[in-house]
Amino acid sequence: MSPKQLVFHDAARDKIRRGVDALAEAVKVTLGPRGRTVILERDFGTPQIVNSGVLVAKSIEVVVAEIKHTAKPCATSQEIAHVAAISANNDRSIASLILTTDCLIATAPKPLSDANVPMNAGDASPLF
């Protein structure tokens, strides 16, 4: 087992900055319509080919709290279509399929769980 390193002040900030810069360089090549694919080496098996910045960041084993903090949810179908097109390397037909699937999932009936089954006021059994 290797000994732990203790780093303080400027040296610590410099190491953090270099780590964040390395992460940003690795993730930024996957972003946007000209996003490139990245090959991730794994501990076991064959390498994985991805074009997702999130998978690249997770493979670097860095906490992606800042990415989650700056991310915003897609509110409209146009925003979903835009993100889907980028994810599909600007293939509009695949983006359309993703948008249609997302809309179907959003409007699909939800199964009843034990928490939302209507109960009769007189007893503790479900009403069916």
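Which ones in segment 1-41 are within 22 Å of G53 (Cβ to Cβ) and of a type in the set (A, V, I, L, M)?
Result: I16, V20, A22, L23, A24, A26, V27, V29, L31, V38, I39, L40.
For segment 9-22, check the following and say yes or no: at least one residue is on the phi > 0 side of the Ramachandran plot, modelled with pLDDT under 85, assigned to a helix (DSSP H, G or I) and exposed (fewer than 11 other Cβ atoms within 10 Å of the Cβ).
For segment 9-22, residues on the phi > 0 side of the Ramachandran plot, modelled with pLDDT under 85, assigned to a helix (DSSP H, G or I) and exposed (fewer than 11 other Cβ atoms within 10 Å of the Cβ): present.
Which of (1) β-branched (V, I, T); (2) in the same structural domain as D43 (by TED's automatic domain parsing); (3) modelled with pLDDT of 70 or more does I80 not meet, given it meets every other one?
For I80, the failing item is (2).
Within 17 Å of the chain's Cα centre (by Cα) and in contact (Cβ under 8 Å) with a residue 40 or more places away in the chain, is that true of G32?
Here the answer is yes, as G32 does meet what is asked.
Any residue at all in segment 67-74 that's of a type in the set (S, T, Y) and under 20 Å from the mean Cα position of the chain (by Cα)?
yes
Filter segment 23-49 for residues that are among the acidic types (D, E) and part of a loop (DSSP other than H, G, I, E, B); which is modelled with the highest pLDDT?
E41
The values are calculated or read from the model by the stated rules, or taken from the named source; none is laboratory data. Nothing here was measured: the structure is a model prediction, and the numbers come from that model. When we count neighbours, we look across all protein chains shown, and the Cβ atoms used for this are built from the backbone with ideal geometry, even at glycine.
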